[in-house]
Amino acid sequence: MSINVNKQIKEDCLGSLKLQPDLVAQLKDQNITVIGGTGFIGTWIAELVAIVNDTFDGNIILELLGRSTAVWATKHPHLCRDDIILRAQDVRSPFGIREETTLIIYAAAIADPSIHASDPYKVYQTNVGGIENALRAASRLPIIARFLNVSSGLAVAGSTTEAISERNIGILDFTRIQNMYAQSRRTAESVASIFGSQYRIPVTTARAFTFIGPYQSIDAPWAINNFIRDAITGNDIRIRGDGSTRRSYLYGSDAAVWLLKILVAGNNGDIYNVGGEEVISHSEVAYALSKLCKKNPKIVFTGKSASADRKYDFFPDLSFSKSSLNLNQAFDMKLSLERSIQWHSRIILK
Amino acid sequence: MSNKLRCAILGTGNIGTDLLIKVMRSDLLECTLFAGRNFRSEGMQKATALGVNISDKGINAIVDKADVIDVVFDATSAAAHIEHWPVIEGLGKIAIDMTPAKLGSFCVPAINSQEICGSGVRNINMITCGGQASVPIAAAIAEVNNNIEYIETASSIASRSAGPATRANLDEYIETTEDALIKFSGAEKAKAILILNPANPPVDMQTTVYAKIKNPDIVKINASVNAMMLKISNYVPGYALLVPPTVINDDIVMITVKVLGEGDYLPRYAGNLDIINCAAVGVAEDIATNVLELMS
Amino acid sequence: MNKKILISDPTLRDGNHAVRHQLRKNDFSSYCKAADTAGVPIVEVGHGNGLGASSMLVGECSLSDEIILSTARENLQHSKLAVHAIPGFCTIERHMAMALDLGVDVFRIAAHCTEADITDRHIAFARKHGKEVYGVLMMSHMASPAHLADEAFKMQGYGAEGVVIMDSSGHYLPLDVTERISALVEMLRIPVGFHAHNNLGMGIANSVAAVQAGATIIDGSARGFGAGSGNAQLEVLVAVFEKMGYETGIDLYKILDAADIAEKEIIPSLPYISSTSIVSGISGVFSGFIKEVNSISAEHGLDARDIFIELGSRKAVAGQESLILEVALALKANNIIEAR
């Protein structure tokens, strides 16, 4: 059963790679470090590197820095290979990067809303302090080709119904604690600019929107996670409000390919949105999931709030990403949902 | 060559740092390693200022420095301790577990420190802060009336003394405290309650124990509790009786104690954190004394 | 304009405070039947302090949670069965899981108004099992509107489908409610609710103010049966909301019948605003303390009102019942000293 899943993931990686024909050549022989490498992004990048090395003789060396590397290794034995180096590291503490590395991805920020609520200080230390440590580590490398900060579209989103462009600056009441996460992302981007300017580090930013697929932890209380869990367990799919809130979703292998493309081919100082193209409301996602699951769960709309007319849609304007780097999705929502259901079913229904 | 018991402290947050200061003050203990994951933490800076060896390699540092360590205080988290214990056990060291991981034997120094030291048990669990405050009282009552139907402890602590780890682990706190209450008092059933009080200035830790007993002998209970309080104050100087054993409704004995912290690293109102640290140091000192006796 | 109000009925939970948690099996079955017939959307049952709260500290319940929940479940066909649950009193494994198995539909996870972050795991548990889950902020007068909104936001982050603020001591005037509900409505994307107590005679007025400020969830008990001077009187609320043009889904005549049944069969004495209630309301002390304060003050020959004022200045919170005896003994000692 798990062999199939791994095979599927490999095939998905190849599928996404097909849309970036130059990428394999651009990645060949490279030394890459992903900080926060045991999360969703790090794991998908590891899958990609493995397949590129195995299929195309990529000769890439990938270093993954993370807090729970031991646990990650037991969960992904097929990714424990000579070309993937694991190092336990908490980013809140100063650290070093492999000397041979020339390409760095910072993906260690905490995006779980329940941690934002319960431990905002840790979020600040990780998102801001962590990237500072990473940039310092990068500045000590003999050669730095690029430092990619995986930031978040939430840094500049607000209450909106429109596609969020990279040029959005957005108004943020930074005095309120509930805006701490968005503020931490902004500050992190500022810190990256400082190192870009003062220490001449070639920094590029990717603003992540919503990702989906295997390797996503189902525990963080995002709407999509709740819907998937409800669908799998056969519980009613509970949607807060009227379900009109819209998102777009980018599948894991596409996300990994896009980020690697930005890493090797992006421009210094530029910001690229990374997210799905297909805009879809919560109720549409719920209906799609319901149809895909044998148990065909009911959709239940929970109470509508008095502030229901304020919309918090969250999806990117991808025109710049497309025009500058030709970033396109290989996988649509339907496949993303199918994969997610297959993946999480194994865990939830155990 | 020092005769002191060589202690490593794993976890450099508030608990670990407070432990460090207590260990350094002890005549019987010394801290040979202060290990965590974050050099930037205040604890690390404090340790450096005190001249203690520090490391950000966590459990791996324990492995590296195993030859200068006898006992490891684990002040990290339950999940982390579960990963650490096999390593510590493999090195043949004693673990004093400050987390609710419950892998080892419960220890309340006033009750079973000697027994623990003598038994050769290597994983010593310090239960919870409410447990350290209430279990000895429960045991003192049980010594007089050993037919306790039900025992309950309700602790109130200052909101400021409860960090994210405490708040995320209320259930574990409750369950571990209840298990310890039953074990040490023989009660048929137990209940633990924890209340966070946000009052400013912060309130001192307070714990009330209720015991349901048929025909409680209040005179004997008073004596037993007083004797226990003497034992506890040996290692928790700030432990005091607030409401002496009082019978309510004929068959319920109620006692309230207050715990004022030492103020070593944590503020004094955080008696809840202080008591579990005092207890841990207390049992470590008993281990040290035992070792010295064996050696002499 | 949202013209629907979700009424949640804690007659058999808050009311349990008024009888020191001694409601009987028949009380649960007869009132549940009546509320169900009247179309009350959510019926909340249990010990006054919620799931797993039966204790020496806050009072032992005459019935186990299991019996209460199964009795209620049997007698509710259309209404949803709800429990109030305070982390620190109740645990996921030993209490919430049991409630889930017994068919509870709605979980209201409550914390003192400044301690929302203790509700993360409990809200997540209910959410993971596909149940309706609300966050509840108790003694909400003890935080500023902005702070309250921040705490409510955390509960939203944990997965709550709505947040209800409680005026646990009956301390508010309507303007206070307007301010707070508005702050939450501004901050949150989920419904906001209000739970009134009647110590200053403001139960209905405060509930109306809440609705006008954007609240869509209101708690009310039959005849106001609840802690202290009781809650907002449910059948009055239904009549008033109907008059104002709001939909509650509750049949007015049938809820009047249910209240009559409650008065006749389950409420030993109707709530009224006593002198001590007024003092506890003014001093902002939890209404659930009233019975205990009255009994301890009688026992020790003290004026209950003095105890309340002292508890208020010590900012006592629910669950600190043991403080009552301590305060009483301290006052007694003071009196003796002064008498000299």
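Condition check ((1) out of contact with any strand residue (DSSP E or B) (no Cβ under 9 Å at 6 or more places or on another chain); (2) in contact (Cβ under 8 Å) with a residue 40 or more places away in the chain; (3) of a type outside the set (K, R)) across all residues:
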{"position": "A:D12", "(1), (2), (3)": "no, yes, yes"}
{"position": "A:D83", "(1), (2), (3)": "no, no, yes"}
{"position": "A:D112", "(1), (2), (3)": "yes, yes, yes"}
{"position": "A:T126", "(1), (2), (3)": "yes, no, yes"}
### Query
For the stretch C:87-98, how many residues are more than 9 Å from chain B (Cβ to nearest Cβ) and surrounded by 24 or more Cβ atoms within 10 Å (Cβ to Cβ)?
1
### Query
Failed condition for B:E293, given (1) of a type in the set (D, E); (2) without any contact (Cβ under 8 Å) to a residue 40 or more places away in the chain; (3) in contact with a Phe, Trp or Tyr (Cβ under 8 Å, 6 or more places away or on another chain), with all others met?
(3)
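Any residue in the stretch C:243-257 that is assigned to a strand (DSSP E or B) and not acidic (D, E)? Show your work before the answer.
Step one: list which residues in the stretch C:243-257 are assigned to a strand (DSSP E or B), which gives C:247.
Next cut, not acidic (D, E) only: none.
No, the stretch C:243-257 has no match at all.
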### Query
How many of the residues in the stretch C:27-49 are under 16 Å from the mean Cα position of the chain (by Cα), surrounded by 24 or more Cβ atoms within 10 Å (Cβ to Cβ) and more than 11 Å from C:L12 (Cβ to Cβ)?
1
### Query
Here are A:I164, A:I104: which of them is over 30 Å from A:A308 (Cα atoms), at pLDDT 95 or above and surrounded by 20 or more Cβ atoms within 10 Å (Cβ to Cβ)?
A:I104
### Message
Here are the criteria: (1) closer than 23 Å to B:A95 by Cα; (2) surrounded by fewer than 21 Cβ atoms within 10 Å (Cβ to Cβ); (3) in the same structural domain as B:S156 (by TED's automatic domain parsing). Tell me which single one B:Y265 does not satisfy.
### Response
(2)
#### Entry: A:I228 within 14 Å of chain C (Cβ to nearest Cβ) and crowded, with 24+ Cβ neighbours inside 10 Å
yes
### Message
If C:I165 meets every condition in (1) more than 18 Å from C:V208 (Cα to Cα); (2) in contact with a Cys (Cβ under 9 Å, 6 or more places away or on another chain) apart from one, which number is that one?
### Response
(1)
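Considering each of B:S55, B:S26 in turn, give the residue that is within 30 Å of B:M228 (Cβ to Cβ), among the hydroxyl-bearing types (S, T, Y) and surrounded by fewer than 23 Cβ atoms within 10 Å (Cβ to Cβ).
Working: B:S55 fails: within 30 Å of B:M228 (Cβ to Cβ).
None of the others qualify; the one that does is B:S26.
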### Task
Enumerate the pairs (first residue in the stretch A:57-79 and farther than 18 Å from A:P214 by Cβ and within 14 Å of chain B (Cβ to nearest Cβ); second residue anywhere and aliphatic (A, V, I, L, M) and assigned to a helix (DSSP H, G or I)) with beta-carbon separation below 8 Å, excluding pairs fewer than 6 apart on the same chain, so at least 6 apart or on different chains.
none
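Name the residues in the stretch A:217-228 that are touching a Lys or Arg at 6+ places or on another chain (Cβ under 8 Å) and either among the acidic types (D, E) or over 18 Å from A:T245 (Cβ atoms) (or both), would you?
Applying the first criterion (touching a Lys or Arg at 6+ places or on another chain (Cβ under 8 Å)) to the stretch A:217-228 yields A:218, A:221, A:223-224, A:226.
A:I218 - this is the single residue of the stretch A:217-228 that is touching a Lys or Arg at 6+ places or on another chain (Cβ under 8 Å) and either among the acidic types (D, E) or over 18 Å from A:T245 (Cβ atoms) (or both).
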### Query
Within the stretch B:87-145, which residues are under 17 Å from B:D70 (Cβ atoms) and basic (K, R)?
B:K93, B:R122
### Query
In the stretch C:314-340, which residues are surrounded by fewer than 16 Cβ atoms within 10 Å (Cβ to Cβ) and either modelled with pLDDT of 85 or more or not in a helix (DSSP H, G or I) (or both)?
C:A330, C:K332, C:A333, C:R340
### Task
Filter the stretch B:44-60 down to residues that are outside any strand (DSSP E or B) and touching a residue at least 40 places away in the same chain (Cβ under 8 Å) and give me whichever is farthest from the other protein chains (Cβ to nearest Cβ).
B:K46
### Query
For the stretch A:278-299, which residues satisfy the criterion of being crowded, with 16+ Cβ neighbours inside 10 Å and within 11 Å of chain C (Cβ to nearest Cβ)?
A:P297
### Query
Looking only at the stretch A:202-222, which residues are surrounded by 19 or more Cβ atoms within 10 Å (Cβ to Cβ) and within 14 Å of chain C (Cβ to nearest Cβ)?
A:P221, A:W222
### Summary
Given (1) modelled with pLDDT of 95 or more; (2) assigned to a loop (DSSP other than H, G, I, E, B), A:F211 misses just (2)
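Which ranges mark the strands (runs of 3 or more DSSP E) fully within the stretch A:242-350 that have 2 or more residues being more than 27 Å from A:G170 (Cα to Cα) and not aliphatic (A, V, I, L, M)? Quick ask: steps written out before the conclusion?
Values: elements: A:249-251, A:271-274, A:299-301.
Where strands (runs of 3 or more DSSP E) fall fully within the stretch A:242-350, none carries at least 2 residues being more than 27 Å from A:G170 (Cα to Cα) and not aliphatic (A, V, I, L, M).
Out of the residues in the stretch B:233-262 that are closer than 27 Å to B:T12 by Cβ and crowded, with 20+ Cβ neighbours inside 10 Å, state the one that is nearest to the other protein chains (Cβ to nearest Cβ). Let's see the steps before the verdict.
Pass one, the stretch B:233-262, residues closer than 27 Å to B:T12 by Cβ: B:235-239, B:259-262.
With the extra rule that they be crowded, with 20+ Cβ neighbours inside 10 Å, the set shrinks to B:235-236, B:239, B:259, B:261-262.
On the way: B:Y235: 25, B:V236: 20, B:Y239: 17, B:V259: 15, B:G261: 20, B:E262: 24 Å.
Applying the filter and picking the extreme gives B:V259.
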## Note on the structure
In the stretch B:142-161, residues that are facing another protein chain (nearest Cβ under 8 Å) and small (G, A, S) total 3
### Query
Can you name the strands (runs of 3 or more DSSP E) wholly within the stretch A:84-187 that have at least 1 residues being over 23 Å from A:I262 (Cβ atoms)?
A:84-88
### Message
What's the total number of residues in the stretch B:75-88 that are at pLDDT below 95 and closer than 11 Å to B:R122 by Cβ?
### Response
0
### Message
Exactly one of these conditions fails for A:V128: (1) more than 14 Å from every other protein chain (Cβ to nearest Cβ); (2) surrounded by fewer than 23 Cβ atoms within 10 Å (Cβ to Cβ). Give me its number.
### Response
(1)
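The values are calculated or read from the model by the stated rules, or taken from the named source; none is laboratory data. Every value quoted in this text rests on a predicted model; they were computed, and no experiment measured them. Note that each Cβ is placed from the backbone with ideal geometry, even for glycine, and that neighbours are counted across all protein chains shown.
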